[in-house]
Amino acid sequence: MEFKELVKTRRSCRSFETSDVSEEQISSILDAGQWAPSPLNLQPWEYVIVTDKKIQGQIIKAAEDAKQTVIDSDGPGWVNKYGMNFLDEAPVYIVVVFDPSKGGLGGFFSQPHGALQAVSACVQNMMLAAADLGLGSLWFTFFAPDKVKTILDIPEKLEIAGVIPIGKHREEIKAPPRKEPKVHKERYTR
Ligand SMILES: Cc1cc2nc3c(=O)[nH]c(=O)nc-3n(C[C@H](O)[C@H](O)[C@H](O)COP(=O)(O)O)c2cc1C
């Protein structure tokens, strides 16, 4: 797909067909992730591929618990209506983890988020690659990370950038509107 079309075609997908995603498609998505930029080319990310329905179920439970926590804490009302059936539908999750200590030199001059910035570029590359393959994906973070780390046996020093469910999307998704770019010329104007 042509880039301009691709970048606008990718949508956060919240309804999937349960049909499988092939190993080849997963490899191609991971390969796109590998080509993301990172400070000192440290590539601070790793992936946990989850297709086991029992393990996925544990992650879904962690997501439902997080939703309940928000509801019990008088969080925004829309959360009550936020359904998470898509987590059950998606055949595969790519859980993207990263090492926050691999942020390059930024730590020396108040830029501590290099690894997070890099893994974010990695996730975006993968979601664009999925869209290019005609697949839907979602950057999902609605869970307590420690719970998901325990479920997946992720080492203490790593952080979770997101759980990315991937599959064939079930229905057309309306694009949420975009703001006009806020641009300042030469200097930031207030
Ligand atoms: C870091 C990050 C975390 C997100 N977490 C969630 C999430 O937990 N659940 C969800 O449904 N969408 C999540 N989203 C998706 C956003 O809601 C979505 O990107 C936004 O509404 C714009 O829609 P679009 O991706 O279709 O352009 C997340 C996006 C980002 C970048």
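No value in this document is a laboratory result; all are computed from the given coordinates. This one's a predicted model, so the numbers in the text were calculated from it and none came from an experiment. With ideal geometry, Cβ positions are generated from the backbone for all residues, glycine too; neighbour counts draw on all protein chains shown.
So how much slack lies between residue 54 and residue 156, counting 0.36 nm per residue of separation and subtracting their Cα-Cα distance, in nm? Mind dumping the intermediate values first?
Values: separation 102, 0.36 × 102 = 36.72 nm, distance 2.27 nm.
Answer, rounded to one decimal: 34.4 nm.
Could you work out the relative contact order of the chain, using alpha carbon pairs under 8 angstrom and six or more residues apart, expressed as a whole percent?
Details: 299 pairs, mean separation 67.2, N = 190.
Result for the chain is 35 percent.
Report, in debye and to the nearest 20, how large the dipole of the range 13-167 comes out about its Cα centre when Lys and Arg carry +1 and Asp and Glu carry -1 on their Cβ.
320 debye
Keeping to pairs on different chains or 8 or more places apart, tell me how many lysine pairs in the range 13-167 have Cα atoms under 26 Å apart.
Qualifying lysine pairs in the range 13-167: 24.
With unit charges on the beta carbons (Lys and Arg positive, Asp and Glu negative) and the dipole taken about the Cα centre of the chain, which residue among 150, 63, 176 sits farthest to the positive side?
After comparing all options, I get 176.
Return the loop-located GluC sites (Glu not before Pro) in the range 119-182 (DSSP other than H, G, I, E, B) with at most 15 other Cβ atoms within 10 Å of their own Cβ; answer none if there are none.
Working: sites: 156, 159, 171, 172; in loops: 156, 171, 172.
Hits after loop and neighbour filter: 156, 171, 172.
Please name whichever of 80, 32, 43 sits farthest to the positive end of the charge dipole of the chain, dipole taken about the Cα centre and charges placed at Cβ: Lys and Arg +1, Asp and Glu -1.
Ranked along the dipole, the leading option is 80.
Give the distance, in whole Å, between the Cα centre of the range 1-77 and the Cα centre of the range 143-190.
9 Å
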